[in-house]
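The values are calculated or read from the model by the stated rules, or taken from the named source; none is laboratory data. Fair warning: this is a prediction, and the values are worked out from it, not measured in the lab. Glycine gets a Cβ as well: all are built from the backbone with ideal geometry, and neighbour counts include every protein chain shown. For accessibility, only protein heavy atoms count, side chains too; no ligands or nucleic acids. Shrake-Rupley method; radii C 1.70, N 1.55, O 1.52, S 1.80 Å.
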Amino acid sequence: PMPPELAAFRRMVLATFRLNGALVEMADALSADLDLTSGLWAVLSSLSSGRQMTIAQSARRLGLRRQSVRRSVELLIARGLIETAPNPDHSRAPLLRLTESGAAAVAELDRREAGWWSRVAAASVLDADELNRGLDLIERLLPRIESA
C-alpha cells in the first residue's frame, strides 16, 4: 500500500499543476490587451520594486530556464519595458531593470491582479493565515524537491 504522505503529496502535485494552469490562464487574460503574456509578466514582476538582476538571477527567482528568460528579456527590451545596465560584478552579464514604461505596465498589472483577487477572495473563505500556512509548506518543500 502507498504511504499516506505519498498519496497526499501526489494529490498536492496534481492540484498544483491545475493551479498553475489556472494562474497562467488568468495572467494571460489580464495582460493580453497590453500585448503581454504570463511569462513576460513574470519577468517584469521579478524586476519590480527597483530590483536589478541578471537574466540568470531572474531565471532562478522564477524557477525557469535561463534561455526561456533570455527570450522574454529580448522581447521586453525590444518593447521598451526593460533595459540593461552595466554589472560591476560581471561584465558579460548585464543587470536588467524596468524602464518607466515597464514600471507603468507592472503597476497596471498589479492593479488588475488585485481586482481579480478581490473576486476570488469574495467567492471563498480564505484568510491571510491560511494562505501563509500554504506558502510555508511550499517554501519548505521547494528546496527538497529542487535538490532531489
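If you go through segment 105-137 and pick out every residue that is in contact (Cβ under 8 Å) with a residue 24 or more places away in the chain and open to solvent by less than 60 Å² (accessible area, probe 1.4 Å), you end up with 5.
Tell me, please, whether a residue that is assigned to a helix (DSSP H, G or I) and in contact with a Leu (Cβ under 9 Å, 6 or more places away or on another chain) can be found in segment 136-147. Within segment 136-147, none of the residues are assigned to a helix (DSSP H, G or I) and in contact with a Leu (Cβ under 9 Å, 6 or more places away or on another chain). Residues that are touching a residue at least 24 places away in the same chain (Cβ under 8 Å) and of a type outside the set (A, V, I, L, M) were ranked within segment 64-104; the one that is nearest to Gly39 (Cα to Cα) is Ser72.
Filtering Leu30, Leu44 for residues that are within 14 Å of Asp110 (Cα to Cα), more than 13 Å from the chain's Cα centre (by Cα), open to solvent by less than 40 Å² (accessible area, probe 1.4 Å) and touching a residue at least 12 places away in the same chain (Cβ under 8 Å) leaves a single hit, Leu30. Does Arg70 satisfy the condition of being of a type in the set (Lys, Arg), open to solvent by 40 Å² or more (accessible area, probe 1.4 Å) and touching a helix residue (DSSP H, G or I) at 6+ places or on another chain (Cβ under 6 Å)? Spelling it out, Arg70 is indeed of a type in the set (Lys, Arg), open to solvent by 40 Å² or more (accessible area, probe 1.4 Å) and touching a helix residue (DSSP H, G or I) at 6+ places or on another chain (Cβ under 6 Å).
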